[in-house]
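*Asks:* To start, I am sharing the structure in question, which I have written as structure tokens.
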Amino acid sequence: MSEQKNNWGTSTLALRSGHRRTAEREHGEPIFTTSSFVFESAAHAAECFANETGEVNIYSRFTNPTVACFEERLAALEGAERGVATSSGMAAILAVCMAFLNQGDEVVCSRSVFGSTVGLFNRYMTRFGITTHFVELQDLAAWEAACNDKTRLFFVETPSNPLCELADLPALAELAHSKGLKLVVDNCFCTPALQKPLELGADVVVHSATKYLDGQGRAIGGAVVGREKDMAEVFGVVRTAGPCMSPFNAWVFLKGLETLKLRMDAHSANALQLATWLQKQPGVAAVHYAGLPDHPQHELAKKQMRAFGGVLSFEVAGGRDAAWAVIDSTSMLSITGNLGDAKTTITHPATTTHARLTPEARAAAGITDGLVRIAVGLEDIVDIQADLSKLRLL
């Protein structure tokens, strides 16, 4: 990256970094919808195949200019040396596991992570002799107690899904590094527009690009960013195993990144207004959102995050029936497990995103039957409130 680019701000990086104009002198980023690339001669082909680092276009499973542009742009936004794009957010986490873990290794992971992340560690990594210990997100002593000479990495999602709990990233990074471990952070909820885990001590950041990086629910994708040496290992997994991003999806995510900061500011503003409003509703027992002054980690959130994001959750008395009644009473909000969309989405975590967890695991993670998660979109806040007000439980 040039010296000028190093001095660019977040919004400029999101619009300009990574794009190298072709001979056609295009203004926007082109989509290279080709499976492979041709060579000038047999000798040129041999030379390129002998240096499969991603620097030369060979085959779109692992080298494609549109995908490379997205990788470079996201890495620039996160302050990373390199990025590697994947087919989904879960593929990004899988690639990290395959890159850094061997049979017999162990992982320490927060209990408060996405349900599929728990399933990956508990159901599939165990088949390859990898053990995961789940601990309370905020309990540093528990993280330390779970470590032994087989531990290789910490994995954390912050803010957490769906309770918006925070990890103290500098403290967790210091602990990990004191034991020679990598700290891997899922930055899906905040994106680099609101939080930069690498600056706070993390070694690797993963994303579900499907969420806020796209911002309009159009495509599935993921990414891993970090140091060049580490990303070379992740790239090796993607290059060999093939959980790659399509050029078209990469182009969609590039378009999403162009408005990322604007959208995240707007999501955060709407979410704070909605969380404050929900606290005043008689049927709401609790609201979970780090932007609220009475959130137990509000001061930590102010240190680690530029704003507080668009996801919140709240609890209603009456368990599942009451939560479902709230969800079913809405007509504008989209009932879906996805998040990070311009349109507000609403779901019941206990029976959707975290349904595959055992009741005991859900209870340990604080996911009650009365919990409702909302990913606050960009509609007028009064219309979101009005849609939620149709059931007088609120």
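*Asks:* Looking at 114, 121, 100, 128, which is the one that is under 16 Å from residue 235 (Cβ atoms), aromatic (Phe, Trp, Tyr), surrounded by fewer than 24 Cβ atoms within 10 Å (Cβ to Cβ) and in the same structural domain as residue 213 (by TED's automatic domain parsing)?
*Replies:* 100
For (1) over 26 Å from the mean Cα position of the chain (by Cα); (2) among the aromatic types (Phe, Trp, Tyr), each residue gets a yes or a no:
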site: 275; (1), (2): no, no
site: 280; (1), (2): yes, no
site: 284; (1), (2): yes, no
site: 293; (1), (2): no, no
site: 308; (1), (2): no, yes
site: 311; (1), (2): no, no
site: 316; (1), (2): yes, no
site: 324; (1), (2): yes, yes
site: 329; (1), (2): yes, no
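*Asks:* Right, something else. Of 137, 183, 172, 153, which residue is more than 23 Å from residue 267 (Cα to Cα), surrounded by fewer than 23 Cβ atoms within 10 Å (Cβ to Cβ) and free of Cβ contacts under 8 Å to residues at least 60 places away in the same chain?
*Replies:* None of the other options fit; the residue is 153.
*Asks:* Separate question: Which numbered condition trips up residue 243, out of (1) of a type outside the set (A, V, I, L, M); (2) more than 22 Å from residue 79 (Cα to Cα); (3) in contact with an Asp or Glu (Cβ under 8 Å, 6 or more places away or on another chain)?
*Replies:* If we test residue 243 against (1) of a type outside the set (A, V, I, L, M); (2) more than 22 Å from residue 79 (Cα to Cα); (3) in contact with an Asp or Glu (Cβ under 8 Å, 6 or more places away or on another chain), just (3) comes out false.
*Asks:* Another one. Residue under question is residue 209, and the condition is that it be assigned by TED's automatic domain parsing to the domain that holds residue 324, surrounded by 17 or more Cβ atoms within 10 Å (Cβ to Cβ) and farther than 15 Å from residue 159 by Cβ; does it hold?
*Replies:* It is false that residue 209 is assigned by TED's automatic domain parsing to the domain that holds residue 324, surrounded by 17 or more Cβ atoms within 10 Å (Cβ to Cβ) and farther than 15 Å from residue 159 by Cβ.
*Asks:* Identify, from the list 193, 142, the residue that is outside the structural domain of residue 363 (by TED's automatic domain parsing), outside any helix (DSSP H, G or I) and either free of Cβ contacts under 8 Å to residues at least 40 places away in the same chain or aliphatic (A, V, I, L, M) (or both).
*Replies:* Answer to the check: 193.
*Asks:* Which residue out of 92, 80 is within 16 Å of residue 240 (Cα to Cα) and either in the same structural domain as residue 191 (by TED's automatic domain parsing) or surrounded by fewer than 22 Cβ atoms within 10 Å (Cβ to Cβ) (or both)?
*Replies:* Going through 92, 80 in turn, the sole match is 92.
*Asks:* Being without any contact (Cβ under 8 Å) to a residue 60 or more places away in the chain, hydroxyl-bearing (Ser, Thr, Tyr) and in the same structural domain as residue 326 (by TED's automatic domain parsing): is that true of residue 240 here?
*Replies:* Considered against the rule, which asks whether it is without any contact (Cβ under 8 Å) to a residue 60 or more places away in the chain, hydroxyl-bearing (Ser, Thr, Tyr) and in the same structural domain as residue 326 (by TED's automatic domain parsing), residue 240 comes out as no.
*Asks:* Could you list, in sequence order, the residues of the range 241-278 that are of a type outside the set (S, T, N, Q), buried (at least 18 other Cβ atoms within 10 Å of the Cβ) and within 30 Å of residue 293 (Cβ to Cβ)?
*Replies:* Answer for the range 241-278, where residues must be of a type outside the set (S, T, N, Q), buried (at least 18 other Cβ atoms within 10 Å of the Cβ) and within 30 Å of residue 293 (Cβ to Cβ): 260, 261, 263, 264, 267, 271, 272, 274, 275, 277, 278.
*Asks:* Give the residues of the range 336-389 that are closer than 15 Å to residue 316 by Cα and among the basic types (Lys, Arg), sorted by residue number.
*Replies:* Passing the criteria: only 373.
*Asks:* What's the number of the only condition in (1) small (Gly, Ala, Ser); (2) assigned to a loop (DSSP other than H, G, I, E, B); (3) at pLDDT 95 or above; (4) more than 16 Å from residue 157 (Cβ to Cβ) that residue 275 fails to meet?
*Replies:* (2)
So that you can scan it fast, the table gives a plain yes or no per residue for (1) under 31 Å from the mean Cα position of the chain (by Cα); (2) in a helix (DSSP H, G or I); (3) at pLDDT 95 or above:
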| position | (1), (2), (3) |
| --- | --- |
| 5 | yes, yes, no |
| 27 | yes, no, no |
| 32 | yes, no, yes |
| 40 | no, no, no |
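*Asks:* Being among the β-branched types (Val, Ile, Thr) and out of contact with any strand residue (DSSP E or B) (no Cβ under 8 Å at 6 or more places or on another chain) is the filter here, so list the residues in the range 348-367 that pass it.
*Replies:* Once the filter is applied, which keeps residues that are among the β-branched types (Val, Ile, Thr) and out of contact with any strand residue (DSSP E or B) (no Cβ under 8 Å at 6 or more places or on another chain), the range 348-367 yields 351, 352, 358, 367.
The values are calculated or read from the model by the stated rules, or taken from the named source; none is laboratory data. Keep in mind that this is a model prediction, so the values were computed, not measured. Note that we place each Cβ from the backbone using ideal geometry, even for glycine, and neighbour counts take in every protein chain shown.
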